[in-house]
Amino acid sequence: MESLINREKPLIMHIDLNSCFATIEQQANPLLRGKPIVVAAYTTPNAFILAPSIEAKRLGIKMGMRVRDAQEIYPKVVVRMPDAPKYRDVHLKFKKIFEDYSPEVIPKSIDEAIIDFRTVSNLHPDLIDVAKEIKQRMKDEIGEWIFCSIGIGTNMFLAKLGATLHKPDGLTFIDHINLIETYKKAELLDLCGINVRYQARLNIHGIHTPYDFFKASQDFLHKEVFRSVVGARWYVKLHGYEADQKEFPTKSIGHQYALQKTTADPKDLSRLIMKLCEKMGRRLRNKGYTARGIHMWFSYRDHTGWHRGRMMPQAMYTTIELYRHAMLIFNQQPIIKPISHMGVSSYHLSDRNETQMSLFENDYIKARSVSDAADKINNIYGEFTVVPGIMMDMDDTILDRIAFGGVREMEGLETSFAG
């Protein structure tokens, strides 16, 4: 069995910022340091907790609890709402640090990233020393209250496992020597990708620990446990070989908002749609794409929803093009009702250099140039420094949110959004 373990030098590093949102709030406000705090969707008792601080976790407060449950555990817990620009700023700063060590930096979420050292292994003979240096640089260059856990392994799966096992501020190195011992000390739910449902499936087939999982044959996992190629991939990952794709082709680019106050006012909503299209358009242009399709969705105050997508005869590139076609879809709503959440996405993407020009080629080129120039200014001076007039004074209209599962909204950006 041990002969099947990947014996190559571990060159994949996974960095996980501990209690991300809460830790960043504590870094920004020294009065919160060392205290149990939570970042929640809202400050109301029924709101869900997005991130408890390290101190709150030690008291038993967990992500997904309601604020009132946390207050029952610790009545003095401090509740903060998310501050998205602040979290983006930290993400971009730690990504910049990582890029000093390897060109292969793969952001996995707002608080996690992978550094692939395989192309620069000769420059970094000891990744444990590199990990310690990264930890210190994050404190020196981002903030003294910033803690991260780091895992190093032969594939992304083991690096992620290593970053998970010893929180907070941990550092775990997994290679062919200690792999089995690591599995014997871990739980199934410690493995990235194993949830309660998968745990139950594994238990039914006699797999109760990561070591049991590791010992299972590829054929058994493939044909009996998972009954799909997923089982074969698990076998490969558990033995230290790469089975996960690092990138997926971008199929769509979009953005969404939660409104501060529900509204059915067409004027207010048209301004919001313009802002959504500007966010989406900047990401589209940063990646060098045009789009032929556009899709909109709305969640209403009465908990119903509606969506519609349509293809356009010509590729869209500028914010105003995206906005005009989004408004066409907006006006197709069968019933006008107060909206609480809304989103827009563009699809059927193509490289901008492959786009066929219209009969009004000169006007189209001018519009592209103006759009590109505005993006450059916003990249230098901050998001929405230059905006269409319809977007003026909109800061309090929406709730800025960040998804845990990805960082697509920041792709291609090289500057901080924090003011």
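The values are calculated or read from the model by the stated rules, or taken from the named source; none is laboratory data. Computed from a predicted model, the values in this text were never measured in an experiment. Every residue, glycine among them, receives a Cβ derived from its backbone with ideal geometry; neighbour counts consider all protein chains shown. When the accessible area is computed, the model is the full protein with side chains, heavy atoms only, and any ligands, DNA or RNA have been set aside. Shrake-Rupley method; radii C 1.70, N 1.55, O 1.52, S 1.80 Å.
What to note about this one:
- Accessible-area ranking of E187, E104, largest first, probe 1.4 Å: E187, E104
- Across the range 307-317, rounded Karplus estimates of 3J(HN,Hα) from the backbone phi angles (6.51 cos²θ - 1.76 cosθ + 1.60, θ = phi - 60°) give 8, 7, x, 7, 8, 10, x, 10, 5, 9, 9 Hz, Gly and Pro being marked x.
- Extension gain from Y347 to A258, taking 0.36 nm per residue of separation minus the Cα-Cα distance: 29.9 nm
- The range 1-153, accessible surface, carbon-and-sulfur percent (1.4 angstrom probe): 53 percent
- Taking trypsin sites (Lys or Arg not before Pro) across the range 184-289, the ones in a DSSP loop with at most 14 further Cβ atoms lying within 10 angstrom of their Cβ are R227, K246, K251.
- Each peptide among 88-95, 129-136 gets the average number of other Cβ atoms lying within 10 Å of its residues, and from highest to lowest they stand as 88-95, 129-136.
- Cross-link partners of K93 among lysines, defined as those whose alpha carbon lies under 22 angstrom from its own and excluding same-chain residues fewer than eight positions apart: K108, K132, K135, K139, K160, K167, K246, K279, K287, K376.
- Here's the picture: charge each Lys and Arg Cβ at +1 and each Asp and Glu Cβ at -1 in the range 1-128, and of I106, M81, P45 the one pushed furthest to the positive end of that dipole is P45.
- Residues with amide H under 5 Å from that of A264, placed H, sequence gap 5 or more: I339
- Over the Cα atoms of the range 74-162, the radius of gyration divided by the Kirkwood radius equals 1.03; this is the Rg/Rh ratio.
- Near the amide H of L171, within less than 5 Å, lie the amide hydrogens of I150, all on another chain or at least 5 residues away, with H placed in the peptide plane.
- Two-site label geometry, F220 and K62: point separation in nm, points 7 Å out along Cα→Cβ: 2.9 nm
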